[in-house]
Amino acid sequence: MPKICIIIGASHAAAQLATSLRQEGWNERILIIGDEPFAPYQRPPLSKALLSGEKTVTDILIRPLAVYNNNDIELKLGVVVEAINRSDKTIALTNGEVLHYDKLALCTGSRVRTVSLPGVNLTGIHYLRSITDVEKIKHNIGKGKRAVIVGGGYIGLETAAVLTALGLKVTVLEMAPRVLARVAAPELSEFFAKVHAEEGVTIKTGVTVSSFEGQGHVTRVTCADGNYFHADLVVIGVGIVPNAELALAAGLDVENGVIVDEFCRTADPDIVAAGDCSNQFNTLYDQRLRLESVPNATGQGKTAAAAICGIELPYHPLPWFWSDQYELKLQIAGLNQGCDRVVIRGDRNKRSFAAFYLKKGKLISADCINRPLEFMASKRLIVEKAFIDPIRLEDEATTPKEWTD
């Protein structure tokens, strides 16, 4: 019988892992199992180009379907894996099928964090994590309609930008004292709050949503302080959680994701994990991290494929991310936790600047808005753990190439 590698989850990591397996010399069967009826697709465009209508579902597929056919990669879509039996190396599907594996890859990704509030099941209230979510939201979009976004993180702000451009009146409700409080410095939060206000978005911080009201369809969102906001559409974006339950039930180590080593291997020699669902030690920041990003899913997918083929390709990433809002491209290099100084380069009023985060004189992170040169230089210098003179960072007469001269 031919051997088989089964990949659970039709995600970014899955798409990369499957094609990398072929590139690394795996000549046996490959099967991707996904719980959605779509081939692996890009998630970042969901809150941007797909929601705005600029792109179609076909446009956001990670690989054309022909790639899977040409590489003899099987897709089994719209089915759910309910259990892994490591002792006999099988997986059970909810449709009753039991499939044998020789190698197993967990690329199960993550899901939205849901809220349990009165009225949350009214129509017109949505999360935004899948193509189906976007299609449902689009049914409630119309010029002049009122949209309330619950959550002022990147997804919430990206959605607010798109809905505003589509002619809706948008209000963002954030529990923290500022938007992006968990991931950005106050200077960046202040900048994005100002930009959204200039574009017509109403932002309320320090407010807690207590309930949703309406007769069948949502009509308003009520907060704990008694204030309320009329709504024809509500989008909830309060974070995501890893899909690690299968791994936990199978007896694998799980702690904020599936624990893997530098080669994306779990404690089971025949099981790897990659993408949002995995937790890996990061040597750059000297801690375990579960990274929610396309670059991480791609990098881990390559490393996991190599491991399946018996090749040790260690993965030691610099985390990086991006966000598109209006004409702004925010590129983020590194993680800013623990910084003791923030240096601003550029004019925030001109919507082009960079925020650099230093710790004991070393550059550990950078947020670059419409500043690609600063972003690329920062990625390199963070990896090098470079000491940089803050005055040179701030001085626009000093080019990024000259920061360490």
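The values are calculated or read from the model by the stated rules, or taken from the named source; none is laboratory data. Quick caveat, the model's predicted, so the values are computed rather than measured. Cβ atoms come from the backbone with ideal geometry, glycine included; neighbour counts cover every protein chain shown. Protein only, heavy atoms only, side chains kept; ligands, DNA and RNA dropped before computing areas. Shrake-Rupley method; radii C 1.70, N 1.55, O 1.52, S 1.80 Å.
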Scanning the range 75-116 residue by residue, the ones that are among the acidic types (Asp, Glu), open to solvent by 60 Å² or more (accessible area, probe 1.4 Å) and out of contact with any Ser or Thr (no Cβ under 8 Å at 6 or more places or on another chain) total 2
Within the range 238-259, restricting to residues that are in contact with a Leu (Cβ under 9 Å, 6 or more places away or on another chain) and assigned to a strand (DSSP E or B), the one that is surrounded by the most Cβ atoms within 10 Å (Cβ to Cβ) is VAL258
Determine if the range 135-148 includes at least one residue that is closer than 23 Å to THR298 by Cα and in contact with a helix residue (DSSP H, G or I) (Cβ under 7 Å, 6 or more places away or on another chain). no
If we ask which residues in the range 371-405 are touching a helix residue (DSSP H, G or I) at 6+ places or on another chain (Cβ under 9 Å), open to solvent by 50 Å² or more (accessible area, probe 1.4 Å) and of a type outside the set (Lys, Arg), their number turns out to be 6
Going through the range 218-237 in order, the residues found to be assigned to a strand (DSSP E or B), in contact with an Asp or Glu (Cβ under 8 Å, 6 or more places away or on another chain) and open to solvent by 60 Å² or more (accessible area, probe 1.4 Å) are ARG220, TYR228
Of TYR326, TYR285, the only residue that is within 27 Å of LYS385 (Cα to Cα) and either buried (at least 20 other Cβ atoms within 10 Å of the Cβ) or touching a residue at least 24 places away in the same chain (Cβ under 8 Å) (or both) is TYR285
By residue number, the members of the range 62-107 that are hydrophobic (A, V, I, L, M, F, W, C) and outside any strand (DSSP E or B) are ILE62, LEU65, ALA66, VAL67, VAL79, VAL80, CYS107
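Looking only at the range 320-342, decide whether some residue is part of a helix (DSSP H, G or I) and within 20 Å of ASP276 (Cβ to Cβ). Show your work before the answer.
Step one: of the range 320-342, the residues part of a helix (DSSP H, G or I) are none.
Scanning the range 320-342, I find no residue that is part of a helix (DSSP H, G or I) and within 20 Å of ASP276 (Cβ to Cβ), so the answer is no.
Does PRO37 satisfy the criteria of being in contact with a strand residue (DSSP E or B) (Cβ under 8 Å, 6 or more places away or on another chain), closer than 29 Å to SER323 by Cα and either assigned to a helix (DSSP H, G or I) or of a type outside the set (A, V, I, L, M) (or both)? Give the derivation first.
Values: in contact with a strand residue (DSSP E or B) (Cβ under 8 Å, 6 or more places away or on another chain): yes; closer than 29 Å to SER323 by Cα: yes; either assigned to a helix (DSSP H, G or I) or of a type outside the set (A, V, I, L, M) (or both): yes.
For PRO37, the condition - in contact with a strand residue (DSSP E or B) (Cβ under 8 Å, 6 or more places away or on another chain), closer than 29 Å to SER323 by Cα and either assigned to a helix (DSSP H, G or I) or of a type outside the set (A, V, I, L, M) (or both) - is met.
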Over the range 123-144, the set of residues part of a loop (DSSP other than H, G, I, E, B) and buried (at least 18 other Cβ atoms within 10 Å of the Cβ) is GLY124, LEU128, ARG129, ASN140, ILE141
Going through (1) open to solvent by 50 Å² or more (accessible area, probe 1.4 Å); (2) of a type in the set (A, V, I, L, M); (3) not in a helix (DSSP H, G or I) one by one, ILE155 fails only at (3)
Out of (1) over 21 Å from the mean Cα position of the chain (by Cα); (2) small (Gly, Ala, Ser); (3) surrounded by fewer than 23 Cβ atoms within 10 Å (Cβ to Cβ), the one SER189 does not meet is (1)
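Restricting to the range 214-249, name every residue that is without any contact (Cβ under 8 Å) to a residue 24 or more places away in the chain and among the hydrophobic types (A, V, I, L, M, F, W, C).
Applying the first criterion (without any contact (Cβ under 8 Å) to a residue 24 or more places away in the chain) to the range 214-249 yields 215, 219-220, 222, 224-228, 245, 248.
ALA224, LEU248 - these are the residues of the range 214-249 that are without any contact (Cβ under 8 Å) to a residue 24 or more places away in the chain and among the hydrophobic types (A, V, I, L, M, F, W, C).
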With criteria (1) crowded, with 18+ Cβ neighbours inside 10 Å; (2) touching a Ser or Thr at 6+ places or on another chain (Cβ under 8 Å); (3) over 30 Å from ARG351 (Cα atoms), PRO314 comes up short on (1)
When every residue in the range 329-358 that is under 23 Å from the mean Cα position of the chain (by Cα) and of a type outside the set (A, V, I, L, M, F, W, C) is compared, the one surrounded by the fewest Cβ atoms within 10 Å (Cβ to Cβ) is GLY338
Counting only residues in the range 288-304 that are touching a strand residue (DSSP E or B) at 6+ places or on another chain (Cβ under 7 Å) and in contact (Cβ under 8 Å) with a residue 60 or more places away in the chain, the one nearest to ALA333 (Cα to Cα) is identified as GLU292
Counted residues in the range 263-278 being surrounded by fewer than 20 Cβ atoms within 10 Å (Cβ to Cβ) and either touching a His at 6+ places or on another chain (Cβ under 7 Å) or among the polar types (S, T, N, Q) (or both) come to 0
